[in-house]
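Some notes on the structure that comes next.
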Amino acid sequence: MAYDRYIAICRPLHYGTLMGSRACVKMAAAAWGSGFLNALLHTANTFSIPLCQGNTVDQFFCEVPQILKLSCSDAYLREVGVIVVTACLMFGCFIFIVLSYVQIFTAVLRIPSEQGRHKAFSMCLPHLAVVSLFVSTSFFAYLKPPSISSPALDLVVAVLYSVVPPAVNPLIYSMRNKELQDALRNLVQVVLVQQE
């Protein structure tokens, strides 16, 4: 998404050639392939860790940090290594996104019309907000020290990075739709009138 926004704003005349179907397929395949390999690596590592503190995970789903709490051997160091490698890869992607947006915002601030700047910012800021929420909460979930860990905090953080970004994505990206904006405005007005 960051690359798409970068091409759309910084190189709009080349958008058709740079963001053709071949480029989209390559980017999707890279994202899906790296996600699959990462999941496969985590799964293989976590299944090889012996559990000696039971097998009940205090989480909505099998989270790696929760499984590591149940392990009883030093084999968990392999999984910690995989988590660190994953965090480094995510950090690299985050840096790429930040650099893309720095270039985008530099180009947007050079747009002479207020309406043009507003349109460009309204296209970029929702994506940046969702990515920031996902990356910051997942970094916190996987890299927080065990001393500040609690079941309630772990559940809240898991919801923030696994449920909230996919749930708000359709809403955020459809908010640019004029009909949806009007419907939402009418709904808010009806609710306000009913409360009076």
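The values are calculated or read from the model by the stated rules, or taken from the named source; none is laboratory data. All figures in this text were calculated on a predicted structure; none of them were measured in a lab. To get the accessible areas, we keep the full protein, side chains included, count just its heavy atoms, and leave off ligands, DNA and RNA. Shrake-Rupley method; radii C 1.70, N 1.55, O 1.52, S 1.80 Å.
As a length-normalised measure over Cα pairs under 8 Å and 6 or more apart, the relative contact order of the chain settles at 22 percent.
Rg/Rh for region 90-196 stands at 1.09; both radii use Cα atoms, and Rh follows the Kirkwood definition. Compared with the rule-of-thumb size 2.2 N^0.38 Å for a compact globular protein, region 144-196 has a Cα radius of gyration ratio of 1.79. Taking 21 Å as the straight-line reach from the Cα of K144, the lysines in range (excluding those fewer than 8 positions away in the same chain) are K69.
For the chain, just say rounded, prolate or oblate: build the C-alpha gyration tensor, square-root its eigenvalues into a ≥ b ≥ c, call rounded for a/c under 1.5, and beyond that prolate if a/b exceeds b/c, oblate if not.
Values: a/c = 2.64, a/b = 1.52, b/c = 1.73.
It is oblate, given that a/c is not under 1.5 and a/b is not larger than b/c.
Each stretch of four or more DSSP H residues adds -39500 (n - 2.57); spread over every residue of the chain, this sum gives -26000 deg cm²/dmol at 222 nm.
Over the chain, give the accessible area per residue in Å² for a 1.4 Å probe, as an integer.
On the way: 12760 Å² over 196 residues.
It amounts to 65 Å² per residue over the chain.
Sorting R11, R78, R110, R5 on solvent-accessible area from highest to lowest, probe radius 1.4 Å, gives R110, R78, R11, R5.
Solvent exposure of S71, expressed as accessible area, is near 20 Å², computed with a probe of 1.4 Å over the protein chains only.
Counting only protein heavy atoms and using a 1.4 Å probe, what share of the accessible area of region 118-162 belongs to carbon plus sulfur, as a whole percent?
Numbers: 1850 of 2300 Å².
Using a 1.4 Å probe with all protein chains present, region 118-162 comes out at 80 percent carbon and sulfur.
In percent, rounded to a whole number, the relative contact order of region 126-196 is 36, using alpha-carbon pairs under 8 Å and six or more apart.
Of all lysines in the structure, the ones whose alpha carbon falls short of 18 Å from that of K119, not counting any fewer than 8 places away in one chain, are K178.
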